[in-house]
Amino acid sequence: MPGFERWQKSWDRLGAPAPGILLYEQLIACYSEPHRAYHTLQHLEECFEKLKEIEDHAQHLGEVELALWFHDAVYDTRASDNEARSAQWAAEFLALHGTPEEEARDVDRAILATRHGEPPSTSDEALVVDLDLCILGSDDATYAAFEDAIRAEYLWVPLSIFRAKRAEILEGFVTRSAIYHHPGIRAQRESRARENVTTTIARLRGSG
């Protein structure tokens, strides 16, 4: 679990005073909600662990870290505006603690970029997006557990509908020229990610 010390350090890197332990505890509680199977504290911790390897490539490391802290703060599988609500929550606290408007806007945009609908517009947004998607390039067992966890979060969706919608989402990744934007992540994970996703689409579509 990302600790309070990491939380404080993220704010230090942003150049703003950390808002204290209450907001940190609220975020930890969100990522610990019982309906989450993948979008959990483990996912958040894995994002930060991977960031350690490439943090020198961040233009504004504090903004990248704050975007990661909040990117799945709101997660309701019956809603379609989770990223927007997460970004709004982040924006409210950043404004409350006097964060400059430009930095707050960059955090907001990086969170919204994890909707994965449009290409990221900055290198920091690309880092956040790639870190969020690192799981796609995992080994077979880890990736299978990830797909099982996603299904667990959507058990309320009939299986036939889930399979069709999940395949559609995954097809959105493999039809890109590259899944990952950062050269280091791409070199490590692109090939595996394409293999994992392509195989899963075939299974979901009933042809594999």
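Here are some notes:
- Extension gain for LEU159 to GLU53 (0.36 nm times residue separation, less C-alpha to C-alpha distance): 34.4 nm.
- In this simple spin-label model, placing a label point 7 Å from the Cα along the Cα-to-Cβ direction at both GLU45 and LEU96 gives a separation of 2.7 nm.
- The modelled label-to-label distance between SER191 and ARG205, using points 7 Å beyond Cα along the C-beta direction, is 2.4 nm.
- Straight-line cross-link reach from LYS165 at under 20 Å between alpha-carbon atoms covers no lysines, not counting any fewer than eight positions away in the same chain.
- Quotient of the Cα radius of gyration of region 96-138 and 2.2 N^0.38 Å, N being its number of residues: 1.29.
- Relative contact order, whole percent, for the chain stands at 18, derived from Cα pairs under 8 Å and 6 or more residues apart.
- For region 115-201, the Cβ-based charge dipole about the Cα centre amounts to some 220 debye (Lys, Arg positive; Asp, Glu negative; other atoms uncharged).
- Rounded percent of accessible protein surface that carbon and sulfur make up, region 18-160, 1.4 Å probe: 52
- Convex hull volume per residue for region 72-208, taking Cα atoms only, in Å³: 113
- Solvent-accessible surface (1.4 angstrom probe) belonging to HIS35, in square angstrom, nearest 10: 80
- 222 nm mean residue ellipticity, helices alone, for the chain (DSSP H n ≥ 4; -39,500 (n - 2.57); rounded to 500): -21000 deg cm²/dmol
- Modelled spin-label separation between ALA18 and THR142, with each label point placed 7 Å from Cα along the Cα-to-Cβ direction: 2.7 nm.
- Heavy-atom accessible area per residue - region 1-101, 1.4 Å, Å²: 49
- Sum of side-chain charges, GLU153 neighbourhood, beta-carbon under 12 Å (Lys, Arg +1; Asp, Glu -1): -1
- Net charge dipole size for the chain [Lys, Arg +1 and Asp, Glu -1 on Cβ; Debye, nearest 20]: 880
The values are calculated or read from the model by the stated rules, or taken from the named source; none is laboratory data. The structure displayed is predicted, hence computed values, not measured ones. Using ideal geometry, Cβ is built from the backbone for each residue, glycine included, and neighbour counts are taken over all protein chains shown. SASA here: full protein model, heavy atoms, side chains in, ligands and nucleic acids out. Shrake-Rupley method; radii C 1.70, N 1.55, O 1.52, S 1.80 Å.
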